[in-house]
Amino acid sequence: MWSEIALFPLSQVVLPQGQMQLRVFEARYIRLVKEACAGVRPFASALLNPYVAQQHPDRIFKVATLVKVTDFQQLEDGLLGITITGTERVLIQQRFQEPDGLHVAKVSALPAWPELPFQHRDRLIAAELQTVFRQNPQLAALYPEPVWHCSNWLAQRWLEILNMQPPLKYQLMAAADASPTLEALQQWLEPCADDYTANNKDA
């Protein structure tokens, strides 16, 4: 069965168990947040495709992440600030816009990524993400209980923060499991492998 949800199109992604802070200022998205918090209609974070025109049917990639608002506040500039948490992936089956321009979609649920065994390569992936967190305290603060030994969690957090072409990011987040992301991370982080091995040779 398809469910109707609102869409918050973004140039970034948030995935299940992920956290993201947003500044909300357009009237249509303030309405989106109010309706979600009131239980009227949930919404999903959706990745924009910058390579097609705004009215193109593929302007918004078809796999999105259902989210919930876990915190909100009025920012110093008077805008609404919210924190969202990803809950599950959904597939956009139909999409249309309401009179104020808010994107709405009929969606179906996608299966969660199956748990994968934590492998030796994942130690490097975890170690490098820990380095990113140490260098970015604001990002680390969103995850007071990081799950360093969960391959899925590591893959999803890397996908959220890595700067890559949107079609590639979409291909990885839409995959059936975390394997393509973990394999890509292993290749991308390979130059760091020697340093990691040297620092952990007695571990």
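Remarks
- Taken as a whole, the structure places ARG28 among residues that are out of contact with any Pro (no Cβ under 6 Å at 6 or more places or on another chain), more than 26 Å from TYR143 (Cα to Cα) and among the basic types (Lys, Arg).
- Matching residues, the range 97-124, being in contact with a helix residue (DSSP H, G or I) (Cβ under 6 Å, 6 or more places away or on another chain) and either exposed (fewer than 12 other Cβ atoms within 10 Å of the Cβ) or in a helix (DSSP H, G or I) (or both): ASP100, GLY101, ARG121, ASP122, LEU124
- Per this entry, VAL132 is not counted among residues that are surrounded by fewer than 16 Cβ atoms within 10 Å (Cβ to Cβ), among the β-branched types (Val, Ile, Thr), assigned to a loop (DSSP other than H, G, I, E, B) and at pLDDT 95 or above.
- Residue within the range 34-44 that is at pLDDT 90 or above and in a strand (DSSP E or B) present: yes
- Selection of the range 174-185 for residues being in contact (Cβ under 8 Å) with a residue 40 or more places away in the chain, within 14 Å of the chain's Cα centre (by Cα) and closer than 9 Å to ALA155 by Cα yields only ALA178.
- With respect to the conditions (1) outside any strand (DSSP E or B); (2) under 19 Å from LYS34 (Cβ atoms), ALA127 falls short on a single one, namely (2).
- TRP158 vs. criteria modelled with pLDDT of 95 or more, touching a helix residue (DSSP H, G or I) at 6+ places or on another chain (Cβ under 9 Å) and of a type in the set (Phe, Trp, Tyr): yes
- Any hit, the range 103-118, residues being touching a strand residue (DSSP E or B) at 6+ places or on another chain (Cβ under 6 Å) and hydroxyl-bearing (Ser, Thr, Tyr): yes
The values are calculated or read from the model by the stated rules, or taken from the named source; none is laboratory data. Small disclaimer: the values here were computed from a predicted structure and weren't measured. Ideal geometry is used to build each Cβ from the backbone, glycine not excepted, and the neighbour counts take in all protein chains shown.
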